[in-house]
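Only one structure is covered here, and it is reproduced in the block below.
Derivation of every value follows stated rules applied to the coordinates shown; laboratory data play no part. As the structure is a prediction and not an experimental result, all values here were calculated from the model. Glycine also receives a Cβ, built like all others from the backbone with ideal geometry; neighbour counts cover every protein chain displayed.
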Amino acid sequence: MRPILISTALVLSVSGSLVAQEWIEFANPEDRFTCLFPAQPKVTETIYMSEHAAELPARVYSAAQGRSRFSVTAVDYTQVQRILTAKAKSCPAGAEPCLGGPGDEGHWKADLRGALVYASWKLMQRDAKLTSYVYNFVDQVEGHQLQLTNNSDKSRTFAGVYMHQNKLYIIEGTVPAGYPEPGLFTQSLGWLDENGVGLRYQSYYSNSYPAPPRVNRALTPGQGRIDAPGASPSR
């Protein structure tokens with residue numbers, strides 16, 4: 001499915017001066033997210049290695065603005081059971097760490113449940129100082145929020161890690177030292193439903209648990225709302 005691009009006029013403060021900058025609200029119905037980018041993002045197909053060594057299909061959506069970099073990585077964890085179950089069949093006899101147990105072959109359940117923690121841990125392993133690590137949520141979808149300062153050039157990265165419908169999302173905004181925080185970018189993340197319409201839950205959403213009721217966007221508009229042609233409001 002083709003992404004939706006909506007122009008959004010924003011005013012950014014850079015080095016004390018005001019600069020008008022056209023950003024776009026990018027929406028991708030396939031990976032079911034929406035986010036502001038300074039330009040149409042480049043899409044790169046890649047492989048994400050999970051904690052238990054499942055090679056998962058992923059896409060990186062990235063754009064730059066001068067020396068600032070912005071990206072959203074979407075990892076398809078819906079494949080983890082199939083991949084780790086197949087890998088477990090080739091484990092040596094008695095090799096429990098890769099074998100797993102009945103119904104949890106290859107430890108795919110632990111891999112899925114631990115995806116948020118593992119992705120956050122990987123961000124922490126960079127050559128950077130962790131300055132903030134907190135619980136966060138986007139339209140009630142739970143996740144982690146991190147801030148890091150690069151040890152070599154003092155650039156700053158604001159990152160968020162979220163899990164929605166068995167897909168992992170890693171959003172990163174990195175700006176040079178002295179630049180305004182990239183909070184505008186990281187806070188613009190939103191979700192799309194099966195019809196490509198903006199999605200918000202009425203209470204906290206935790207992956208692997210039953211989803212709570214959705215907000216009726218027609219009655220309660222909010223962050224990340226995208227109206228797909230011919231689509232009815234999400235409920």
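Values as computed for the structure displayed
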quantity	calculated
Length-normalised contact order of the range 129-198 in % [C-alpha pairs under 8 Å, at least 6 apart]	23
Rounded FRET efficiency, nearest 0.05, which uses the C-beta distance separating Glu30 from Ser90 and R0 of 25 Å	0.20
Interchain or long-range residues, amide H under 5 Å from Asn166's placed H	Ser208
Anisotropy class of the range 112-151 from Cα gyration tensor, a/c 1.5 cut	oblate
Base-10 log of normalised Debye intensity for the range 42-181 (one unit scatterer per alpha-carbon) at q = 0.09, 0.19, 0.21 Å⁻¹	-0.32, -1.10, -1.24
Potential extension, Ser208-Glu194 segment - 0.36 nm per residue separation minus Cα distance	3.2 nm
Charged-residue dipole, Cβ positions (Lys, Arg, Asp, Glu), the range 44-170 about Cα centre, Debye nearest 20	420
For the range 27-36, 3J(HN,Hα) per residue [Karplus equation, 6.51 cos²θ - 1.76 cosθ + 1.60, θ = phi - 60°, Hz, x = Gly/Pro]	10, 10, x, 5, 8, 6, 9, 9, 6, 7
Exposure proxy ranking, count of Cβ atoms within 10 Å, fewest first, for Met124, Met163	Met124, Met163
Backbone N under 17 Å from the Lys122 label point (7 Å along Cα→Cβ), restricted to the range 75-90	75-81, 83-84
Per-residue Cβ neighbour rank within 10 angstrom, fewest leading, Ser62, Ser203	Ser203, Ser62
Value of relative contact order over the range 16-138, rounded to a whole percent, pairs C-alpha under 8 Å and six or more apart	15
In the range 42-181, lysine pairs with alpha-carbon atoms under 26 angstrom apart (chain gap of 8 or more, or interchain)	13
In order through the range 169-184: 3J(HN,Hα) via Karplus (6.51 cos²θ - 1.76 cosθ + 1.60), integer Hz, x for Gly, Pro	10, 10, 10, 9, x, 10, 10, x, 4, x, 7, x, 4, x, x, 3
For the range 152-157, 3J(HN,Hα) per residue [Karplus equation, 6.51 cos²θ - 1.76 cosθ + 1.60, θ = phi - 60°, Hz, x = Gly/Pro]	8, 10, 6, 5, 10, 10
Ranked Glu172, Glu181, criterion: other C-beta atoms within 10 Å, fewest first	Glu181, Glu172
